[in-house]
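I have placed the structure first, in the form of structure tokens, so that the comments after it can refer back to it.
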Amino acid sequence: ASGREFDELIVAGHFVWQKEDPEVIAEVADINHTDVVTSTSYNSLAYYIQIAYRFPWYEDVLKPYVRYEFIDIASADEVFKTVPGLKGIIAGVRYDISDFAALKGEYRNIRRPGKETVDGLFLQTSFTY
């Protein structure tokens, strides 16, 4: 970042509820950058939480979910100066075609500071072997 040196400390953690119904996944990371010359310090935070539930009817093939994402970048942080903050909500449904294939449809609402809100619909097919 502009020829300056920074020390970086990342503290992160995650939580996973192992049971399928409901499924809860969360992750958080705090990133600290310290200017080596001036000792000025900047903290940035990012996290998400996702909750899903596999419907017991239809042979457990439908799994709706919702996810909230948040990124807060320190405005004066030279290392992350090109990384925008973010607040996002994602809602979707996964349909398991078989043990080896799935379809997923998802709606995303993403807000970044100083930018227009972006809404999108996404479709995905996945396979495993």
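The values are calculated or read from the model by the stated rules, or taken from the named source; none is laboratory data. Everything numeric in this text was worked out from a predicted model, so none of it was measured. Every residue, glycine as well, gets a Cβ built from its backbone with ideal geometry; the counts of neighbours run over all protein chains shown. These area figures cover heavy atoms from the full protein model, side chains too; ligands, DNA and RNA do not enter into them. Shrake-Rupley method; radii C 1.70, N 1.55, O 1.52, S 1.80 Å.
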Fill in: Total residues in the stretch 97-117, condition hydrophobic (A, V, I, L, M, F, W, C), open to solvent by less than 70 Å² (accessible area, probe 1.4 Å) and either more than 29 Å from Tyr129 (Cβ to Cβ) or in a loop (DSSP other than H, G, I, E, B) (or both)
1
Worksheet item: If you go through the stretch 14-35, how many residues are exposed (fewer than 11 other Cβ atoms within 10 Å of the Cβ) and outside any strand (DSSP E or B)?
Response: 2
Worksheet item: Looking at this structure, is Phe70 closer than 30 Å to Glu5 by Cβ and in contact (Cβ under 8 Å) with a residue 40 or more places away in the chain?
Response: no
Worksheet item: In the stretch 50-85, which residues are part of a strand (DSSP E or B) and either closer than 16 Å to Glu106 by Cβ or open to solvent by 70 Å² or more (accessible area, probe 1.4 Å) (or both)?
Response: Gln50, Ile51, Ala52, Leu62, Lys63, Pro64, Tyr65, Val66, Arg67, Tyr68, Glu69, Asp72
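Here's the yes/no breakdown for (1) within 21 Å of Ala26 (Cβ to Cβ); (2) in contact with a helix residue (DSSP H, G or I) (Cβ under 7 Å, 6 or more places away or on another chain); (3) modelled with pLDDT under 95:
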position: Tyr65; (1), (2), (3): yes, no, no
position: Glu78; (1), (2), (3): no, no, yes
position: Gly85; (1), (2), (3): yes, no, yes
position: Ile89; (1), (2), (3): yes, no, no
position: Tyr107; (1), (2), (3): yes, no, no
position: Pro113; (1), (2), (3): no, no, yes
position: Leu121; (1), (2), (3): no, no, no
position: Gln124; (1), (2), (3): no, no, no
position: Phe127; (1), (2), (3): no, no, yes
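Residue check: is Glu23 over 14 Å from the mean Cα position of the chain (by Cα) and more than 26 Å from Asn109 (Cβ to Cβ)?
The answer is no for Glu23.
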Discussion item. Looking at Arg4, Arg94, can you tell me which residue is more than 19 Å from the chain's Cα centre (by Cα) and open to solvent by 80 Å² or more (accessible area, probe 1.4 Å)?
Written reply: Arg4
